[in-house]
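Enquirer: Let me begin by handing over the structure; questions about it come next.
The values are calculated or read from the model by the stated rules, or taken from the named source; none is laboratory data. On a predicted model such as this, the values are computed, not experimentally measured, just so you know. What goes into the accessible areas is simple: the full protein's heavy atoms, side chains included, and nothing from ligands, DNA or RNA. Shrake-Rupley method; radii C 1.70, N 1.55, O 1.52, S 1.80 Å.
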Amino acid sequence: MKLRSPRFVFILVFCFSLFCLAAVNAFSLDREAFTFTSYDLTVRVEPEQQRLGVRGKITLRNDSQTPQKTAVLQISSSLDWRSIMASGKPSQFVSQPYTSDIDHTGMLSEAIVTLPEAVAPKSTVDLDIAYEGVIVLDATRLTRVGTPDDAAHSSDWDQISPTFTAVRGAGYVAWYPIATEAADLSEANNLFDVLGRWKTREAAASMKLSFDYAPLPSDASPPVTLCGGDEKQGVTRGGSLVNPSPRCTYPILGFSVPAFVVAAYGVADRPAITVYSLPANLTAAEAYADATEKTVPFIADWFGTPQKKVETADLADPNAAPFESGSLLLTPLTRADPKLTGLAVVHQLTHAAFSSSRPWIDEGLAHFAQALYLERQSGRQTALDYMALHRAAFSSTEKQTTAPRSEDEVNRSLVNTTDENLYRSKAMCVWWMLRDMIGDQALKKALASYRREQDKEPSYLPRLIQAQTPKDLEWFFDDWVYRDHGLPDFKVESAFPRKTMTDVYLVTVTVGNVGAAGAEVPLTVKFAGGEVTQRIVVRGKSNAVIRVEIPKPPSEIVINDGSVPESDTTNNIFKIQAGDVAK
Ligand SMILES: [Zn+2]
């Protein structure tokens, strides 16, 4: 029996809130009790109607401590539940709107399903499901918290439309069922937390998708369907011409968000990459493909030869924010800015060359490669400026906890975090610091010795790195990788310049760090006509002393060239007056 009429829902809610206290307790929902371990879905896309119709089977595992008689299934509020069956029999379910910013509409259609029998902890239940509706451009969740329309739509660009379809999954559009507590964009980091919990639960899940279209006229070219899954069969122009049915598989979801695009794409094909472009951007696609080929040797030198071919697909909105799903990058090709192209290409190729199930390694290195690329193109300062942009993203995250609790130290550490700002931007800075500390060759050797299948513990890669250098790095990994000790805050406490018998100047500098994370940081002593830079290790909540020899009287000392993320950089310059020099 289906219980879907709005009147019934109203009565139900009214009843529960006022009278049926016993029932409320029995009915108290643990929305995150079940992990969805597998999806096997047939997805019918009807671009002309902007419609999506899905049917298929999902498997839910009870990961809570108690038996569960009720399961929660959530899809975008623009979709409606049609049927839910368990063990071949229709299940009772109540469908209700559920406010949550995990979906672009800011709302979910939530089915509360009564299971035929309680599912014991660690046991599973299979459900046959069907739902349908439209997916149109909708940025309600962003505009209602005050994001200007343009910015909101370049962020939430998902839609099915007659000319172009691109839809991302959890965190953008719940086009496949999920189950999370409500996410609220107006609360800092709340959406990231909810999404992080969902992705962590789903990391080992698998997804099989079979795309289905209404039969096409015999003279029509079928659209190209792409998705980010690892294994694809006939995804491009697959199936028969009149009735294409591409398939897409994610054997293990990991942290990727399933997404699909459907468009009349043209193709620029090279050994390392396939670029799918909209008709107006064919030239840009060729340039993109050529840029990728040229970048392969640089990536191979750092991260090994790319192991698989990467794919880039065009987005119709020239202002759309790029998005990656597995080995597929979605990005507008209209912005043929060679610098942005280079950054995107480098990121993709790094993924193709080096893969890890740990996001701080997988994504961190792909972003680190971008900084390396900029340094090679335009010098170290350009790379530092680029990292500074990323630093803004995670500095705010780091500042939120003034006195980190010990569980935060562990949960927000790079090895555990589900926060993208940390495992992307902060990890990039950590890789850069490691490279500055041990040098290019040692880091390349450590990375070359990495084997994804042997990475069973968080300390596996840190040990490979330690093996390549006589420097002790344990404290560094503890401050930045195993735990989140926040950021350092350096300050030159004092500087004593003295002229020596040999007519050079020796400056004794004391550097303080009031932050809890230590770092090896560059210190530059400037003088008329030049400067000398040395590196100094300043542990967390400590001082360190360094002596720098220079040919002329010092004028200024600068701690940190921007390569070490710091919570306060306004106190990094120390002026020395001519009279300060001891004779
Ligand atoms: Zn990536």
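Enquirer: Which percent of the accessible area of segment 42-117 is formed by carbon and sulfur heavy atoms (probe 1.4 angstrom)?
Expert: That fraction is 47 percent.
Enquirer: Could I ask something else about it? What is the angle, in °, between the Cα long axis of helix 380-399 and the longest principal axis of the Cα atoms in the chain? Nearest 10 is fine, range 0 to 90.
Expert: 60 degrees
Enquirer: Considering only protein heavy atoms and a probe of 1.4 Å, how much of the accessible area of segment 465-583 is carbon and sulfur, as a whole percent?
Expert: 52 percent
Enquirer: Could you give the angle, 0 to 90 degrees to the nearest 10, between helix 338-353's Cα long axis and the longest principal axis of the Cα atoms of the chain?
Expert: Computed tilt is about 80 degrees.
Enquirer: Just to make sure I understand: if all protein chains stay in place, what is the order of 104, 351 by accessible area at 1.4 Å, largest first?
Expert: 351, 104
Enquirer: Please give the per residue accessible area of the chain, computed with a probe of 1.4 Å over protein heavy atoms only, in Å².
Expert: So the chain comes to 43 Å² accessible per residue, rounded to a whole number.
Enquirer: Right, something else. Can you list the lysines whose alpha carbon is less than 18 Å from that of residue 89, not counting same-chain residues fewer than 8 positions off?
Expert: Within the straight-line cut-off, residue 89 pairs with 2, 57, 69.
Enquirer: Rg to Rh for segment 121-171: what is it, with Cα atoms only and Rh by Kirkwood?
Expert: Taking Rh as the inverse mean 1/r over Cα pairs, Rg/Rh reads 1.17.
Enquirer: Also: Tell me, what are the semi-axes, in whole angstrom and largest first, of the equivalent ellipsoid of the chain as set by the roots of 5 times the Cα gyration tensor eigenvalues?
Expert: 50, 29, 21
Enquirer: Filter the cross-link list 199/471; 294/426; 199/444 down to pairs whose alpha-carbon distance in this structure exceeds 32 Å.
Expert: From the list (199/471; 294/426; 199/444), the Cα-Cα distance tops 32 Å for 199/471.
Enquirer: Using helices alone, what [θ] at 222 nm do you get for the chain, with -39,500 (n - 2.57) per DSSP H run of 4 or more residues, divided over all residues and rounded to the nearest 500?
Expert: The helix-only estimate for the chain comes to -8500 deg cm²/dmol at 222 nm.
Enquirer: Less than 20 Å apart at the alpha-carbon level, and either on another chain or at least 8 residues along: which lysines does that give for residue 499?
Expert: Those lysines meeting the cut-off are 526, 552, 575, 583.
Enquirer: Sorting 199, 294, 575 by accessible area (1.4 Å probe), largest first, what list results?
Expert: The ranking, largest first, comes out as 294, 575, 199.
Enquirer: Write down Rg/Rh for segment 427-528, rounded to two decimals, with Rg from the C-alpha atoms and Rh from the Kirkwood relation over Cα pairs.
Expert: Computed over Cα atoms, the ratio is 1.10.
Enquirer: How far is helix 359-378 tilted, in degrees, relative to the longest principal axis of the Cα atoms in the chain, given as a value from 0 to 90 rounded to the nearest 10?
Expert: Orientation of helix 359-378: about 50 degrees from the principal axis.
Enquirer: Right, something else. Using a 1.4 angstrom probe and counting only protein chains, how large is the accessible area of residue 323 in Å², to 10?
Expert: 20 Å²
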